[in-house]
Amino acid sequence: MSKKICFSIKDLNLFYGDFHALKNINIDILKSEVSAFIGPSGCGKSTFLRSLNRMNDLLTDCSIKGKILFNGENIYKKYNVNVLRKKIGMVFQKPNPFPMSIYDNIAFALKTHGIKDKERLDSCIEESLRDVGLWKECKDKLKQNALKLSGGQQQRLCIARSISIKPEVILMDEPTSALDPIATLKIEELITKLKKDYTIIVVTHNMQQACRISDRTAFFLLGEMIEFASTQSIFTKAKDKRTQDYINGKFG
Ligand SMILES: Nc1ncnc2c1ncn2[C@@H]1O[C@H](COP(=O)(O)OP(=O)(O)OP(=O)(O)O)[C@@H](O)[C@H]1O
Ligand SMILES: [Mg+2]
């Protein structure tokens, strides 16, 4: 059975003022897969990721041409941004729990989306913490300030917060670059587990990580998407010389 398309991006161009940051991007991202975006610093990975849930809207000098279809609908036309952000969660490089309790971090997200009943909140919070493997560690200290957790635990809490409202997609921008190798491994295992229920797009500088966790990899360079293919073929038989050179560490 062929996989369904989650995002279909057509002729996407993005400008910051006069600066042409994304150049004619065409790409289809499939559901229930992990897609990795790689490429040297400044090539537009984060810009592209942010355009998928309209985070760039907040910038006054940013303009977009082309189409981003999510489940077949153009997200830049008549699409309610709050509905979009509920469906497309985001996890950042630096864990960013709110300065409140572990419980309230997730309750806040749920309440924002209309879940107020105490029993329902309790069960959703437990389920999200279990999904990210934090329940055992945290069940006796739910009222503790989230900022007291380790970096890796904070990042798993941020993932729990993002999945608590049952999005369809999770965008992750270098989610492990601030973490040690063990915490990184836990997040990688978590990503692999979550792809059963979510479509995941991860920006990473770590090529081993892209190999370990992603089904498909896109290579970006100077605002262009050079090549997008199965991770195995990108890393073993990339078609474009620039992709090969980047993967072989010839520049970066
Ligand atoms: N808000 C902004 N205003 C103007 N230019 C921006 C803005 N954000 C990013 N840029 C520029 O757009 C280009 C792409 O930036 P982006 O952050 O998407 O790169 P990246 O691939 O994520 O890099 P890194 O790997 O370092 O995170 C860069 O040249 C950057 O300077
Ligand atoms: Mg970036």
Scanning segment 226-252 for residues that are under 18 Å from residue 213 (Cα atoms) and among the aromatic types (Phe, Trp, Tyr) gives 228, 235
So is residue 137 among the acidic types (Asp, Glu), surrounded by 13 or more Cβ atoms within 10 Å (Cβ to Cβ), in contact (Cβ under 8 Å) with a residue 24 or more places away in the chain and away from ligand 1 (no atom under 16 Å from the Cβ) or not?
-> no
Residues satisfying the stated conditions in segment 199-224, i.e. touching a helix residue (DSSP H, G or I) at 6+ places or on another chain (Cβ under 7 Å), in contact (Cβ under 8 Å) with a residue 40 or more places away in the chain and not hydrophobic (A, V, I, L, M, F, W, C) | 204, 209, 214, 215, 216, 217
Considering each residue of segment 225-252, count those that are of a type outside the set (A, V, I, L, M, F, W, C) and in contact (Cβ under 8 Å) with a residue 12 or more places away in the chain, and give that number.
-> 9
Those residues of segment 90-118 which are at pLDDT below 95, basic (Lys, Arg) and more than 19 Å from residue 134 (Cα to Cα), in sequence order | 116
Is it the case that segment 57-65 has a residue that's touching a helix residue (DSSP H, G or I) at 6+ places or on another chain (Cβ under 8 Å) and either in a helix (DSSP H, G or I) or within 16 Å of ligand 2 (Cβ to nearest atom) (or both)?
-> yes
Within segment 1-48, track down each residue that is within 16 Å of ligand 2 (Cβ to nearest atom), in a strand (DSSP E or B) and either aliphatic (A, V, I, L, M) or surrounded by 18 or more Cβ atoms within 10 Å (Cβ to Cβ) (or both).
-> 14, 21, 22, 25, 35, 36, 37, 38
If a residue has to be closer than 17 Å to residue 152 by Cα, touching a helix residue (DSSP H, G or I) at 6+ places or on another chain (Cβ under 8 Å) and polar (S, T, N, Q) to count, how many in segment 163-197 make the cut?
-> 3
Taking segment 26-62 and keeping residues among the hydrophobic types (A, V, I, L, M, F, W, C), within 12 Å of residue 7 (Cα to Cα) and more than 8 Å from ligand 1 (Cβ to nearest atom) leaves 27, 29, 30, 52
Name the helices (runs of 4 or more DSSP H) wholly within segment 81-171 that hold at least 2 residues that are in contact with a Gly (Cβ under 7 Å, 6 or more places away or on another chain) and closer than 30 Å to residue 70 by Cα?
-> 151-164
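The values are calculated or read from the model by the stated rules, or taken from the named source; none is laboratory data. Bear in mind the structure is a predicted one, so any value in this text is a computation, not a measurement. Here Cβ is always computed from backbone atoms with ideal geometry, including for glycine, and neighbour counts include all displayed protein chains.
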